[in-house]
1. If you go through the stretch 31-51, how many residues are surrounded by fewer than 11 Cβ atoms within 10 Å (Cβ to Cβ) and closer than 30 Å to Leu14 by Cα?
2. Restrict the check to the stretch 5-22 and report whether at least one residue is of a type in the set (Gly, Ala, Ser), at pLDDT 90 or above, exposed (fewer than 10 other Cβ atoms within 10 Å of the Cβ) and not assigned by TED's automatic domain parsing to the domain that holds Leu74.
3. Residues in the stretch 47-59: is at least one hydrophobic (A, V, I, L, M, F, W, C), assigned to a helix (DSSP H, G or I), modelled with pLDDT of 80 or more and more than 17 Å from the chain's Cα centre (by Cα)?
4. Going by what's in this entry, would Glu75 be described as exposed (fewer than 11 other Cβ atoms within 10 Å of the Cβ), modelled with pLDDT of 90 or more, among the acidic types (Asp, Glu) and in a helix (DSSP H, G or I)?
Amino acid sequence: MNGWQELKTRCTRLFMWALAEHPGKLLGTSLGLLFGLLFVLIGFWRALILMTFIVVGFLAGKRYDDHKDLGKWLERIFH
């Protein structure tokens, strides 16, 4: 096995272990890294607005996946 393949295998094992044992820490770290990069690249307020849209989109998608009424949820948010 060459060096790059071994590195890929070790990184995959580490990621799968972290996902299984510490999913909250992995998610928090990933979101922190993403927000930090966005902050550096586009500025604080733009990054904050973008992250807000991402969270709202995630919540809407989760409601859709859970077969909950998306229309009532959106109406409650925007009224």
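The values are calculated or read from the model by the stated rules, or taken from the named source; none is laboratory data. Because the structure is a prediction, the values reported are computed rather than measured. Positions of Cβ are backbone-derived with ideal geometry, glycine not excepted, and every protein chain shown enters the neighbour counts.
1. 4
2. Scanning the stretch 5-22, I find at least one residue that is of a type in the set (Gly, Ala, Ser), at pLDDT 90 or above, exposed (fewer than 10 other Cβ atoms within 10 Å of the Cβ) and not assigned by TED's automatic domain parsing to the domain that holds Leu74, so the answer is yes.
3. Of the residues in the stretch 47-59, the ones hydrophobic (A, V, I, L, M, F, W, C) are 47-51, 53-56, 58-59.
Right, trim to assigned to a helix (DSSP H, G or I) and you get 47-51, 53-56, 58-59.
If we keep only those that are modelled with pLDDT of 80 or more too, we end up with 47-51, 53-56, 58-59.
Then drop every residue that is not more than 17 Å from the chain's Cα centre (by Cα), which leaves none.
No, there is no match, as no residue in the stretch 47-59 is hydrophobic (A, V, I, L, M, F, W, C), assigned to a helix (DSSP H, G or I), modelled with pLDDT of 80 or more and more than 17 Å from the chain's Cα centre (by Cα).
4. When the stated conditions are applied, Glu75 does not pass them.
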